[in-house]
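In what follows, a structure is listed as structure tokens, so that the remarks can point back to it.
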Amino acid sequence: MKTKQHNFSKLAERLKSSMIRELLKYANMPGAVSFGGGTPDPETFPRHELSKIASEILEEEYKYTLQYSVTEGDPQLINQILILLKRIYGIEGLSHENILITVGSQQALELLGKVFIDSGDYVVVGDPEYLGAISAFRMREPRFVVAKFDEDGPDIDMIEQKIEEIDRAGEIKKLKFIYVVSNFQNPSGVTTSLEKRKALIEVAEKYDLLVVEDDPYGVLRFEGEHVPSIMKLGGTDRVILLNTFSKILCPGLRIGVVVADKSIVRKMVLAKQGTDLCSPSLTMRLAARYLERYDVLEQIKPAIELYRKKKNEMVRALENYFGDIKGTKWTNPNGGLFIWTTLPEGYDTMEMFKFAEQNKVFYIPGEAFRPYSEPSSSMRMSFCLPSVEEIHEGVKRLRTAFDQYRVS
Ligand code: PMP
């Protein structure tokens, strides 16, 4: 039977099925070890506490929780967010008008695309970069200005050089923002150093640009010192801060937060109205009551401890099984969920993937995180979901896969 050809938009024609979804199709088969997914461990979710609050607010606050909310978000949750911004970042003096609650920070990325990017505009991103940001921005057809993401954050010289070129071409107004995941970046696990954060602000000042700081992982620090956020250094004139409750509480609530200059929040509110009118009242109020009753930064501590342990085990396993392979390296993050492992030059983790799959071990090839999808010798390995035994077994299988790939 002939399949019907629908008359989709140009944008719809550009939508592709996620490479990650395709690659991880078999990652849940029995006996497989997956370092692929970047989701938190469900055992860390405070399900009993949330369940109790949920039944209370459904009965007692149904006039709010089962009704539409305002587009900006539940004011009671915003109160709690203002308290958290002070506790986490030392950011004070903001008001409700500086905050927008979104359906996960993924929606915030999409809205940023809507309110800032016209076709042909420039957006500075890293190599590697968070794939979801690339996909959200790509919908608006920007030109990506790609800067290498080193072991201490984005290559600032490269950024400056490319921005200078854009300025010389008289197109600086088309450069809409510099996007950076400041702590324990997805996918590399890298934290941008204080020097580079300051340098980013300097570049932004010099060329009158905005920096979008995306920070879902900062709270998941298991060792080392807190680094002041780019927002703390640059303020709302220069920085838009995105955060989320996905990693600190649970992703199922779908609550993201935008902290920005009032005029930016107002534009994003208008864009959000056309998308979904408002975020779900029920999950916003659930989060608000949870934050009032429990100290979320205390509650998350056992999860952080678990991730610390698993990260150390993954580093140990990599030393054991890849330590003898010259030119192989991996990041050793102080927090977050990911390790970025790089094979010697010339190897391609996408080509190796089929050998890994045969050995029932899964990861995400680095090319998935490159803005223009070039081949990569790196891979993202998440340590949060597999058990300690699975981590060792998985890395051992990865070595077998590498050996098979080498001689293929
Ligand atoms: N930004 C980054 C860097 C992420 O890794 C993620 C997803 N894990 C998101 C944004 C989106 O998260 P959410 O929509 O769950 O808030």
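Pull up the stretch 124-145, narrow it to residues that are crowded, with 22+ Cβ neighbours inside 10 Å and among the β-branched types (V, I, T), then point me to the one that is nearest to T275 (Cα to Cα).
I134
If a residue has to be more than 19 Å from P30 (Cα to Cα), among the acidic types (D, E) and part of a helix (DSSP H, G or I) to count, how many in the stretch 338-385 make the cut?
The number of residues fulfilling the criteria is 2.
Here are some residues: V70, V125. Which one is within 16 Å of the ligand (Cβ to nearest atom) and more than 22 Å from K247 (Cα to Cα)? Can you show your working first?
Values: V70 fails: within 16 Å of the ligand (Cβ to nearest atom).
Of the residues listed, the single one that is within 16 Å of the ligand (Cβ to nearest atom) and more than 22 Å from K247 (Cα to Cα) is V125.
Answer yes or no: is there a residue in the stretch 253-267 that is touching a strand residue (DSSP E or B) at 6+ places or on another chain (Cβ under 9 Å), crowded, with 18+ Cβ neighbours inside 10 Å, on the phi < 0 side of the Ramachandran plot and in a loop (DSSP other than H, G, I, E, B).
Looking through the stretch 253-267, at least one residue is touching a strand residue (DSSP E or B) at 6+ places or on another chain (Cβ under 9 Å), crowded, with 18+ Cβ neighbours inside 10 Å, on the phi < 0 side of the Ramachandran plot and in a loop (DSSP other than H, G, I, E, B).
Go through the stretch 37-51 and count every residue that is surrounded by 14 or more Cβ atoms within 10 Å (Cβ to Cβ) and more than 16 Å from the ligand (Cβ to nearest atom).
Counting residues in the stretch 37-51 that are surrounded by 14 or more Cβ atoms within 10 Å (Cβ to Cβ) and more than 16 Å from the ligand (Cβ to nearest atom) gives 3.
Out of the residues in the stretch 156-188 meeting the condition of being basic (K, R) and touching a strand residue (DSSP E or B) at 6+ places or on another chain (Cβ under 7 Å), tell me which one is surrounded by the most Cβ atoms within 10 Å (Cβ to Cβ).
Taking the stretch 156-188 first, the residues basic (K, R) are 162, 168, 173-174, 176.
Pick out the ones that are also touching a strand residue (DSSP E or B) at 6+ places or on another chain (Cβ under 7 Å) and you get 162, 174, 176.
Working: K162: 17, K174: 16, K176: 22.
Only one residue fits best here, namely K176.
Every residue in the stretch 225-257 that is over 20 Å from I83 (Cα atoms) and either in contact with a Phe, Trp or Tyr (Cβ under 7 Å, 6 or more places away or on another chain) or more than 16 Å from the ligand (Cβ to nearest atom) (or both), please.
Within the stretch 225-257, E225, D237, R238 qualify.
Consider Y217 carefully, then state whether it is aromatic (F, W, Y) and closer than 30 Å to S378 by Cα. Step through it out loud before you land on a result.
Details: aromatic (F, W, Y): yes; closer than 30 Å to S378 by Cα: yes.
The answer is yes for Y217.
Given the conditions (1) farther than 30 Å from T65 by Cα; (2) within 16 Å of the ligand (Cβ to nearest atom); (3) aromatic (F, W, Y); (4) in contact (Cβ under 8 Å) with a residue 60 or more places away in the chain, report the number of the one that F222 does not fulfil.
Failed condition: (2).
When you check E389 against the structure, is it without any contact (Cβ under 8 Å) to a residue 60 or more places away in the chain, within 26 Å of E129 (Cα to Cα) and among the acidic types (D, E), yes or no?
Details: without any contact (Cβ under 8 Å) to a residue 60 or more places away in the chain: yes; within 26 Å of E129 (Cα to Cα): no; among the acidic types (D, E): yes.
No; evaluated as a whole, the condition is false for this residue.
Restricting to the stretch 272-295, give me the number of residues that are in contact (Cβ under 8 Å) with a residue 60 or more places away in the chain, of a type outside the set (S, T, Y) and either buried (at least 19 other Cβ atoms within 10 Å of the Cβ) or not in a helix (DSSP H, G or I) (or both). Give the derivation first.
Filtering the stretch 272-295 down to residues in contact (Cβ under 8 Å) with a residue 60 or more places away in the chain leaves 272-273, 275-282, 284-294.
From what is left, the residues that are of a type outside the set (S, T, Y) are 272-273, 276-278, 280, 282, 284-289, 291-293.
If we keep only those that are either buried (at least 19 other Cβ atoms within 10 Å of the Cβ) or not in a helix (DSSP H, G or I) (or both) too, we end up with 272, 277-278, 280, 282, 284-289, 291.
Of the residues in the stretch 272-295, 12 are in contact (Cβ under 8 Å) with a residue 60 or more places away in the chain, of a type outside the set (S, T, Y) and either buried (at least 19 other Cβ atoms within 10 Å of the Cβ) or not in a helix (DSSP H, G or I) (or both).
Laboratory data are not the source of any read-out in this text; all were calculated from the coordinates shown. These numbers come from a predicted model, not from an experiment. Using ideal geometry, Cβ is built from the backbone for each residue, glycine included, and neighbour counts are taken over all protein chains shown.
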